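Some notes on the structure that comes next.
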C-alpha cells in the first residue's frame, strides 16, 4: 500500500495450537460466502507513524479505517507500532460509525507472506497472531496487504510465482474459518490488490478469493515514476497509447472483473499525494505541453516531510522519495488553490489521462498527482462500473478535506 521505511522490530517467538477451532473449521469454510457490499464504502488508510498528524482529524466520513501496518515476522508473529494508542483510537472511531481494521503487510512488510502461506504451522501461527490482535483491540476485521503474490515487490520479499496465489487462497479460507470460529460470522477480511491480478496459475480465476473476503481495495496509482523510462501520470484514468506505462485506473477494474472478481466487491484507490522527478527538458515548450519526458537519475527532494531513505535488502544508496503530499502542495504554496499553481510552477490538466501535473521550468521538476477534478472523474468511472466504493492512501495527506469532498459523494450514495 505504501512504504513506511520503518525499522522492523526484533522477532519474538510464538506457538500455536488450533484445537479450539477444529470442530468449526470445515463447517464455517463450506458455508461462508462473502456478501456483496450494500451501501458504498469509503476506506481510509491510517499509517501508525502518522498518528500524531491524524489523531485530531474528523474521520467520520470514512466507513472503514485501516490502521497500517502490522508486519509479519518469518515465524508468523506480528510487529505493530500502534499499541500505544489503539485502546483510545478504536472506540473513538467505532463510536463515530467507522469499522476499524488493522492492515497486515504493506510494501516493506510483505517479505514473509510467501514462506508463511506455504507452511501449515507458520500459517497457523500467523492466523493466531491475527485473531489475538483482533481480540486485543476489539477490531471489526483484518486487511491483508501482500505486495505481491507471485511477483517481486520489495527486494526483501520471497516469491513463488507458481504457487503464491494458490497458497494465498488456501490461507484465506483457513483464516476465514478460524475467525468465524473465534468470533462468529460478521468480522471482515479485506485485501489490498495491485493493478493486475495475481501472477501464476492461481491468478487466472480469482472468483474464489471474492467468495471468502468481503471486499478488496485496488491500488490504482504509482504507475509512472522515477522507476520508469519516462515521467508520466501517477494515476491515469486511461493510459495514453505508446506513452508511459500501458496500465491505468480503468484497466485495473477491467482486469480484475474479467478474472472473476465482482465489481461490487471492489473499491477504487485514490492517491492523496504526487511523485516528483527531474526532467531533462522543459516539458512546457512543446505544444501542447508533454508530461512524458526523459528523467535525470537522481530524484529531487519532495515536500518538507521528504527524507532520504533506503529500502531494506537493497544495495542502492539513500535517496529522496520525491513524494509531495497534496496537503503540502497546498500548504507550501505550490498550489495556490485546488486548480491553480503559484509561479514558477505551472499547472496543466491532461484530458487524455484525466490527470493534473505541475512543472517548474527553472528546476525542471515535474509532479504528477490527483486533485478534485481528476478524482471526480475517477469516482464517476468507478460508479459507472458498479464498484462498491473508494479507498484512500492515506488519510493525513489531504488538505482541509478538499480531496475527500469528491470521494465522499460516492460513499454517500
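At-a-glance table
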| quantity | calculated |
| --- | --- |
| Taking the chain and dividing mean pair separation by its residue count, relative contact order in percent (alpha carbons under 8 Å, at least six apart) | 17 percent |
| Least to most buried among 112, 64 (fewest other Cβ within 10 Å first) | 112, 64 |
| Angle in degrees between helix 22-31 and the longest Cα principal axis of the chain, rounded to the nearest 10 | 50 degrees |
| CD proxy at 222 nm, helix term only [per DSSP H run n ≥ 4: -39500 (n - 2.57); per residue of the chain; nearest 500] | -8000 deg cm²/dmol |
| Fully extended contour minus Cα-Cα distance, from residue 58 to residue 287, at 0.36 nm per residue | 78.1 nm |
| With Cα atoms, 0 to 90° folded angle of helix 164-183 axis to the chain main axis | 60 degrees |
| Estimated inter-spin distance, residue 229 and residue 138, nm [label 7 Å along Cα→Cβ] | 5.5 nm |
| Contour minus Cα-Cα distance for residue 258 and residue 309 (0.36 nm per residue) | 14.6 nm |
| Per-peptide average of other Cβ atoms within 10 Å, ordering 186-194, 73-81, 267-275 highest first | 267-275, 186-194, 73-81 |
| Rg and Dmax of the stretch 278-366, Cα atoms only, in Å | 14.2, 43 |
| Inter-label distance, nm, simple model (7 Å from Cα along the C-beta direction), residue 412/residue 318 | 4.6 nm |
| q = 0.16, 0.22, 0.23 Å⁻¹, the stretch 109-174: log10 I(q)/I(0) [Debye, one scatterer per Cα] | -0.53, -0.93, -0.99 |
| The chain - convex hull of alpha carbons, volume per residue in Å³ | 131 Å³ |
| Per-pair calculated FRET efficiency, R0 = 60 Å: residue 121 and residue 362 via Cβ, rounded to 0.05 | 0.55 |
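FYI, it's all coordinate maths here, none of it is from the lab. Keep in mind the model is a prediction, meaning the values are calculated, not measured. Using ideal geometry, Cβ is built from the backbone for each residue, glycine included, and neighbour counts are taken over all protein chains shown.
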